[in-house]
Each structure stands twice: as C-alpha cells, then as structure tokens.
1. Those residues that are in a strand (DSSP E or B) and either surrounded by fewer than 15 Cβ atoms within 10 Å (Cβ to Cβ) or in contact with a helix residue (DSSP H, G or I) (Cβ under 7 Å, 6 or more places away or on another chain) (or both), I need them from region 289-307; list them, please.
2. What is the one condition in (1) in a strand (DSSP E or B); (2) under 26 Å from the mean Cα position of the chain (by Cα) that residue 286 does not satisfy?
3. Among the listed residues 317, 234, 310, which satisfies the condition of being at pLDDT 95 or above, on the phi < 0 side of the Ramachandran plot and assigned to a helix (DSSP H, G or I)?
4. Could you list, in sequence order, all residues of region 242-264 that are over 30 Å from the mean Cα position of the chain (by Cα), surrounded by 15 or more Cβ atoms within 10 Å (Cβ to Cβ) and at pLDDT below 95?
5. Would you pick out the residues in region 28-49 that are closer than 13 Å to residue 10 by Cβ, in contact with a helix residue (DSSP H, G or I) (Cβ under 7 Å, 6 or more places away or on another chain) and in a helix (DSSP H, G or I)?
6. So, in region 13-27, exactly how many residues are assigned to a helix (DSSP H, G or I) and either touching a strand residue (DSSP E or B) at 6+ places or on another chain (Cβ under 7 Å) or under 14 Å from residue 46 (Cβ atoms) (or both)?
7. What number of residues within region 261-273 satisfy the criterion of being assigned to a helix (DSSP H, G or I) and touching a strand residue (DSSP E or B) at 6+ places or on another chain (Cβ under 6 Å)?
8. Among the residues of region 192-223, which ones are assigned to a loop (DSSP other than H, G, I, E, B) and free of Cβ contacts under 8 Å to residues at least 40 places away in the same chain?
C-alpha cells in the first residue's frame, strides 16, 4: 500500500522524537505531540503507527518501563533510509559526489523525487525542533551551470559503471569539432573549470578534455578497457602537478615567500597537498612545494601580484621574471 503524506509525517515525527530524545517520550506525551503536529485522533492510532513501524519498517522501537519512555535499541537506526527505494539511494550517492565536487550544485532531474522526500522530512523536523528559524545561517549565490558543468553527474555515472563515452571536442585554436571515443577515468576541477581525463584507444594514451569545449556527450554501452599502465599513470598524475596541464619536467623543490597577510590565506587554503610551512614570522611566510612547474602554477603565482616572491628553483625564478618583464613592456 502506498505511503500517504499524513502517515509519512506521523512516522517521521515519531522517529524524530524517539531517535533524538530517547527515553523522554512516554506513550501519553508522544500522543500529545502527534495530536498537535499531525492531528492524530486517538491513542489507538498511535499504537497502530508504532506497530506498523516495527513490522513494516523494521524500526527497533523499545519501551523502558523504569524511565517511562520509548527508545531505539539500535541507536544508529534512522527511518528515512529505510523509506527510500534502492533507486533513491543510488541517486543520493551520485548526488553526494556531485555536491562534494561542485560545492552544492546539482542538476540531475532524476533526483527531484528523492529530494522531495527529504524536503518533506526536513519540514517536519523543523516543526518539531524549538530553535528559531527566522535567521538564514548559510548564504549562497544562485549560479548557472556554465562550462557544461551539467555533464559532471553524467560522467560520474559513466566512470563508476565503467562505460565508454562519445563526444565532440573543439580545441581553443580549432575551427571544427573532432569526434572522440573515450574511456573516462577521472574528473578534475581547477578554479571553477572542469576537466575530463580518459584513455583514448585510437591514440593509445591518456588525454584531457575541458568540459566547456565538449559537445554532444553521450554514454555508450561499451565497457571500458584501459591498460593497467595508463590507470597507474592517471592515478599518480596529480601527485606533483598543480592544476591540469601536464609537464615532462622533473619534480622541483619550490620555495615561495609571501607577505604575512597573504601568508594567512595560503596557510588556510594550501596550494597543494605537498605544501609545507618553512618559516612563519611577522615579516614573511615561507612555504615549500614539491611540484613539476607548469602553466597552471605560473598563472596562480601571477595572481598573487606583489604578495609573492619566487625563491627557487632558479629555472622558475627566471621564467617568472621573464613573464613579469613582458607584462610590464606592454605599458611602456
């Protein structure tokens, strides 16, 4: 029998009271709560709801005579998880990956049904809690899915299921798109731009594609078959790389000297996992990195303006000074 909205609200209210406040709700107090919030009419109706939760939803509801209150003998039990279908749970798993990756942005229409159930649940929980709800704790700007970011959830599914994708790709300096068949391996986000890393069998190597330049993306039924050496290379690709552009050069020990104020931001949000604080005083913040110098790293360093000085390696110092001279020359 389909679950009605009123029954859903009662079950969630009972679940919230028992799980959040174990031993604090007697049958009388629980009935009064349900009568106030859900307009339940009789004590026998509450007893039927509790029995239904025990039998149909495997809720481990127990009653303590000594403390005169209901509780879950399995404290980790939560009713919402059991009331979602396997498809709902799969959708939430994918949504979780997308939300973590995009910091809150999700676009898949298939999630709407599952999300509606969560909204109903959260609305009910807000009614039960006594905390003031007039203050907005989090503010985020509404953004559009620019740069073909709607492809993120599609590609996550393809990678997880090991399915090849077909796409048309237009290079920045190209005049027409080229068709590619790709075995997708990784997604990477760099400064709000997304990139797909995958193996192209026709070329015999891994390639990187910017999502903003992808057109006509589709997932095929063909399974991915990637050489182990490619898988290992892609897994290690970003161990010593900042951003997305690869480099054939060696890993270098990089020293960057920041002003104290800028140093606070760099310490709070490290440039790369290899970052180490070498010196931190009122005059300077010196950090060390172990990276292969590339175009993305150079772009980042330029963004710091006069707040950074490159100390080593010598090759990076020379390249950085050359860029600065060429920039200054444009204003002569």
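The values are calculated or read from the model by the stated rules, or taken from the named source; none is laboratory data. Bear in mind the structure is a predicted one, so any value in this text is a computation, not a measurement. Positions of Cβ are backbone-derived with ideal geometry, glycine not excepted, and every protein chain shown enters the neighbour counts.
1. 291
2. The number of the failed condition is (2).
3. 317
4. 252
5. 30, 31, 33, 34, 37, 38, 46, 49 - these are the residues of region 28-49 that are closer than 13 Å to residue 10 by Cβ, in contact with a helix residue (DSSP H, G or I) (Cβ under 7 Å, 6 or more places away or on another chain) and in a helix (DSSP H, G or I).
6. Qualifying residue count, region 13-27: 7.
7. So the count comes out to 2.
8. 201, 202, 203, 204
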